[in-house]
Amino acid sequence: DDVLMSFNWGMGQLLGVDGIRIFSSRNIIGIDTPGLKFRNLISGNKFNSILISGNSATGNTVENCYLGTNLAGSKGLMKIVNRTAGVRLVGGATGNRIGGRTKYQGNVMGGNEEGVFIGADGDGANNNMILGNKIGTNPAGTAAVPNGAGVLQRGTSSHNSIGSLLAGSRNIISGNQASGIDLQGGSQTAIYGNYIGTNAAGSAALGNGDDGVAVSASNTIVGRKGALGANVISGNGFNGVSMADVNDGHGIGSVVAGNYIGTNSTGKKAIPNGYNGVGVYSDGPQVIRSNVIAFNGTIGDQKFGVAVLGEAQDVAILGNSIFSNVSLGIMLSNTDKTVVPNDLLDGDTGPNGLQNFPVLRSASVHAGKTLIKGKLNSTPNTTFRIELFSNAKADKSGFGEGQFFRAFVNVTTDEQGNASFSKTVTGILAGQFVTATATVGDAGATSYFSKSLRVRTV
């Protein structure tokens, strides 16, 4: 216990199978001090740069190390690349910190099969923190130094944090060949405040090859509204965020909230993901709330803001800003590329039950206030949350999108499945367009965006 290791260079076979193996507690690898002589370089090993394993491996720290790269951190050592991870946390390793919140605590990881590997089939690693690292980029976060995957989690791992709600915690997880973060198991992982698929400034694409964040794990939290909690998930090859049950029993109960998906860090400039902003392929409940989801869809046939596909049910899409995606803002159908029409009493089936969308009847502005009226026909004797949005222009499909979330109103359908609603909102000008969604209860299945309606002056 209580070992401090710093100022070391290890390349090729000098450090054997793993660069460093830790099976005990409170070891410190690296030191929070600038300068080449204070940095560990641990690269070119047969397996991991650093292995942290076992129930006794608690409270260890890895900081200010270059793992898998050359001395400058500018490229991976391609011929003597670490064959598995920059840091591997397995076998019950608990409460370890990889990186940190101050300027020189972060590690640079490139040229590995995974930058960080957490857990394994049949076991887990819990309550570990991944903070302030460059995973897949050079030290400046301006060019790619790819790993296979950025962060890969498997097994029964729980309560791990990638980033945090505290200043200085942001990881730059970009430039990797596969997904930036790939959760293939575990539960209650928190992903806060990272830039995933962009440069360190959050201003340009430095994409991961597959999804930005791939979630097949239970009760995952991806983002929280606010400067410290929001992730920027943009510029990636496939989905910004995918939610899929690739491991039986995983992939439910997750929340994607407060992120910028397909934009820069201000939410105004386009840095599109190749496919959907968010693609949901697994059963719910899942919640997608208060995100900016825009400009997504540059390749393939999935170019939606939020796509609820496959057998996915109970996906709530609430209070987001969804606009300027190549195709529909919200897609529910597995086969059609357009909105599936409403049906009487909403008896049809499909993703999110093909929940019927509201029908807007009028939108009129007077003295700075806009009165929106509409109706919904759906499941009888059921409460729905109707969300209202505005847009400068209507989507080319005629349905949505929803750039500005304005208000919501709850309604309950009668025995014939009918409900009417009206709501007065501010901030909408004559000539703009309004649209709406319907969600079962407070956080059940959400519909497509409704057909857009132009606001008139009265």
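The values are calculated or read from the model by the stated rules, or taken from the named source; none is laboratory data. Note that the coordinates shown come from a computational prediction; the quantities given were computed from them, not determined experimentally. Quick reminder, even Gly has a Cβ in these numbers, built from the backbone with ideal geometry, and neighbours come from all protein chains shown.
For this structure, a couple of remarks:
- Some residue of the stretch 118-138 being part of a strand (DSSP E or B) and in contact with a Phe, Trp or Tyr (Cβ under 9 Å, 6 or more places away or on another chain): no
- Just so you know, in the stretch 336-359 the residues that are farther than 18 Å from Val280 by Cβ and in contact (Cβ under 8 Å) with a residue 40 or more places away in the chain include one that is surrounded by the most Cβ atoms within 10 Å (Cβ to Cβ), and it is Pro358.
- Qualifying residue in the stretch 289-301 (condition: under 16 Å from Met243 (Cβ atoms) and surrounded by fewer than 22 Cβ atoms within 10 Å (Cβ to Cβ)): yes
- Boolean, Ser422 is of a type in the set (S, T, N, Q), out of contact with any helix residue (DSSP H, G or I) (no Cβ under 8 Å at 6 or more places or on another chain) and closer than 18 Å to Asn342 by Cβ: no
- Checked against the criterion of being among the acidic types (Asp, Glu) and part of a strand (DSSP E or B), the stretch 46-66 contains not a single residue that satisfies it.
- Any hit, the stretch 65-83, residues being on the phi < 0 side of the Ramachandran plot, crowded, with 24+ Cβ neighbours inside 10 Å and more than 30 Å from the chain's Cα centre (by Cα): no
- The residue list Gly431, Gly441, Gly400 contains one member that is under 25 Å from Thr349 (Cα atoms) and surrounded by fewer than 22 Cβ atoms within 10 Å (Cβ to Cβ), which is Gly441.
Matching residues to (1) of a type in the set (Ser, Thr, Tyr); (2) surrounded by fewer than 24 Cβ atoms within 10 Å (Cβ to Cβ); (3) closer than 15 Å to Phe23 by Cβ:
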site	(1), (2), (3)
Ile50	no, no, yes
Gly59	no, yes, yes
Glu63	no, no, no
Gly91	no, yes, yes
Arg101	no, yes, no
Gln105	no, yes, no
Gly110	no, no, no
Ala125	no, no, yes
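- Here is the figure for the stretch 389-425: residues that are in a strand (DSSP E or B), within 22 Å of Ser321 (Cβ to Cβ) and small (Gly, Ala, Ser) total 3.
- Breaking point among (1) farther than 17 Å from Ile330 by Cβ; (2) modelled with pLDDT of 95 or more; (3) assigned to a loop (DSSP other than H, G, I, E, B); (4) under 28 Å from the mean Cα position of the chain (by Cα), for Asn356: (1)
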